[in-house]
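First the structure, in the form of structure tokens, and then the observations on it.
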Amino acid sequence: MTFRDIIKQELNKDYMKDLMDFLKHEMQTKTIFPKKEEWFLSMEITELNDVKVVILGQDPYHDYNQAHGLAFSVLNNRLPKSLINMFIELKTDININRTNGNLSDWAKQGVLLLNTILTVEAHKPLSHQNRGWERFTLEIIKKINEENRPIVFVLMGKNAQSYKPFLTNIKHLIIETPHPSPLSAYRGFFNSKIYSRINHFLESNDLRPIKW
């Protein structure tokens, strides 16, 4: 089974039909991020069989030229504070200086950058909460959990950690940290060493580490 198969199955269900109707109506009068053709981009770049790491975000960035379908990733050089903090930890952890906010290179290596809500109205964070995306994301996560091979799940913040009960496969590694936002990064995200922990787990299972 592929992500495309799963998406097709879910789109035929009533909850997703309702969600798509809602989004169609919203797009007639409001600016929605990311673009429609990028809603499922994370699952197009990183195929189910290639997933090594899942990093769960919440909902897309809500300003122009930011969200493009990959959690935490941006298209411009004005890095959001959460991403800046992720890069600070990257430097602290494995001494990599990164300034490029487009994380497509991570996605191409098997890092699924998945938001739990895949759309947002401009300048209104969480505006598409409880419209159906969370149920869709849960189905994706359940399917990944069923994969009979080692996968790392990175749950940053309470929203992402609410999916932990569905991660039941003992082959997987679950890493929990506070969210990298300025409000919580100092509560344990910094010095969490997520990047080295991910790569250590991958290497210990004879998998190629991620070039962060």
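The values are calculated or read from the model by the stated rules, or taken from the named source; none is laboratory data. It should be emphasised that the depicted structure is a prediction, and the values quoted were computed from it without experimental measurement. Cβ coordinates were reconstructed from backbone atoms using ideal geometry, including for glycine residues, and neighbour counts include every protein chain displayed. Heads up: the accessible areas ignore ligands, DNA and RNA and are worked out on the full protein's heavy atoms, side chains in. Shrake-Rupley method; radii C 1.70, N 1.55, O 1.52, S 1.80 Å.
Observations, loosely collected:
- Sparse packing (at most 12 other Cβ atoms within 10 Å of the Cβ) combined with a DSSP loop state is found for the following trypsin sites (Lys or Arg not before Pro) in the range 103-212: Lys171, Lys211.
- Cross-link reach list, lysines versus Lys211, counting only Cα pairs under 21 Å and skipping chain neighbours closer than eight places: Lys52, Lys91, Lys108, Lys193
- Rounded if a/c under 1.5, otherwise prolate or oblate - the range 40-134, Cα gyration tensor axes: oblate
- DSSP beta bridge pairing in the chain, given as percent antiparallel to the nearest 5: 20 percent
- FRET efficiency, Glu44 to Gln129 (Cβ-Cβ, R0 25 Å, nearest 0.05): 0.55
- Rounded to the nearest 10 Å², the accessible area of Thr99 at probe 1.4 Å: 110 Å²
- Only protein atoms count toward the accessible area here, which uses a 1.4 Å probe; on the chain, the carbon and sulfur part of that area reaches 49 percent.
- Rounded, prolate or oblate (a/c below 1.5 giving rounded, otherwise prolate when a/b exceeds b/c) for the chain by Cα gyration tensor: oblate
- Heavy-atom surface of the chain, accessible at 1.4 Å and reported per residue (Å²): 50 Å²
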